[in-house]
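First comes the structure, then the notes that go with it.
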Amino acid sequence: MTIEEFRRKIYKETQENPPKFNNKIQINEYLYNQTQKIVKYMEQMNVAAGIYEDSANKDEHSHFWEVLVGNTLLQSGLNIKRDTREAAPDYFFETENGIKIHIEAKAPTEGIIKELKPKGIHIVNGNELEEESDFEDCIITSDKCALRFTSTLNETIKQINGFYSKQTVNIKDKIVIAINGSSVVKNQEIHEGDFPQGPMYYGFSIICALFGLNGQQYYLPNEHLLVYDEKCLIKNDIEIQNRYFCDGNNTPIDGIIYSNVNERNYVMNYEKPFLFIPNPNREDIGNYFQFCKNIGYPIRHV
């Protein structure tokens, strides 16, 4: 039985025989426990394939994401392997041309500093702006989420440099970072109404962090367009130069796998896709990750 077949089995059980709930907390606990059945099944598959690592020192969400990434790579047909050395990425496989592609799984949290925690999307109507503006409808901002992802990317680049120094990764190898943004964006509001699918489309904050945007976009209702604000992120009155995937940046990351899936929504099969965001300065290796929606180079102009 494939993992998707098993997930559907658990989902059917969830729909046909749910217990009675008194509040939302009980619902989330039930969904979490149902997902744990799937996680255990994935763990067994990963153990059989030799790619499972005991994650006793990791939090539950990080463990879930690492197991899911490994199992998804496995289920996609890749000859995925695990490097058992201490200073090495989580997974790797070799292409038909002998190129080694490493995958490192990351599940950042919302942070511990209250002032920097994402609080939601700030939306204002154009006529409420303090300054005169050409934008008639609204401003959508996600700057604190972009800051959290920027911090994660900075830490990951330092980690990659450690892989190079320990010689567990060759400078000619490809490196993909699988980032789960569920904990970072969990408090963002999704506003219906004028926007059929909500103004914060999937993956916006990670795109901001990668392409040097400050987490703001403007909606032009007459043109039905979203325009990105290319000002720098500001943290403690200091500009953050987060232009990892922009021209001239030598970031050692070849692409990003991104998802918001978590332990509560996975079993329900909500629309939580995997995105692949290639680095425009490097070869697009998204064809090796067929389970992802390859969004290409969304904002090459920055």
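The values are calculated or read from the model by the stated rules, or taken from the named source; none is laboratory data. Everything numeric in this text was worked out from a predicted model, so none of it was measured. As a convention, Cβ positions derive from the backbone with ideal geometry for all residues, glycine included, and neighbour counts pool all protein chains shown.
Quick grid of which residues meet (1) of a type in the set (A, V, I, L, M); (2) at pLDDT 90 or above; (3) touching a Phe, Trp or Tyr at 6+ places or on another chain (Cβ under 8 Å):
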residue	(1), (2), (3)
Glu13	no, no, no
Asn23	no, no, no
Tyr30	no, no, yes
Glu66	no, yes, no
Val69	yes, yes, yes
Leu74	yes, yes, no
Glu86	no, no, no
Asp90	no, yes, no
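Restricting the stretch 22-64 to residues that are outside any helix (DSSP H, G or I) and not charged (D, E, K, R), which is surrounded by the most Cβ atoms within 10 Å (Cβ to Cβ)? First the steps, then the outcome.
Keep residues of the stretch 22-64 that are outside any helix (DSSP H, G or I), which gives 22-23, 50-59.
Checking the rest, the ones that are also not charged (D, E, K, R) come to 22-23, 50-52, 55-57.
Details: Asn22: 7, Asn23: 8, Gly50: 10, Ile51: 20, Tyr52: 18, Ser55: 15, Ala56: 6, Asn57: 7.
Among those that are outside any helix (DSSP H, G or I) and not charged (D, E, K, R), it is Ile51.
Is it true that Gly77 is under 26 Å from Ile177 (Cβ atoms), not in a loop (DSSP other than H, G, I, E, B) and not aliphatic (A, V, I, L, M)?
Values: under 26 Å from Ile177 (Cβ atoms): yes; not in a loop (DSSP other than H, G, I, E, B): no; not aliphatic (A, V, I, L, M): yes.
It is false that Gly77 is under 26 Å from Ile177 (Cβ atoms), not in a loop (DSSP other than H, G, I, E, B) and not aliphatic (A, V, I, L, M).
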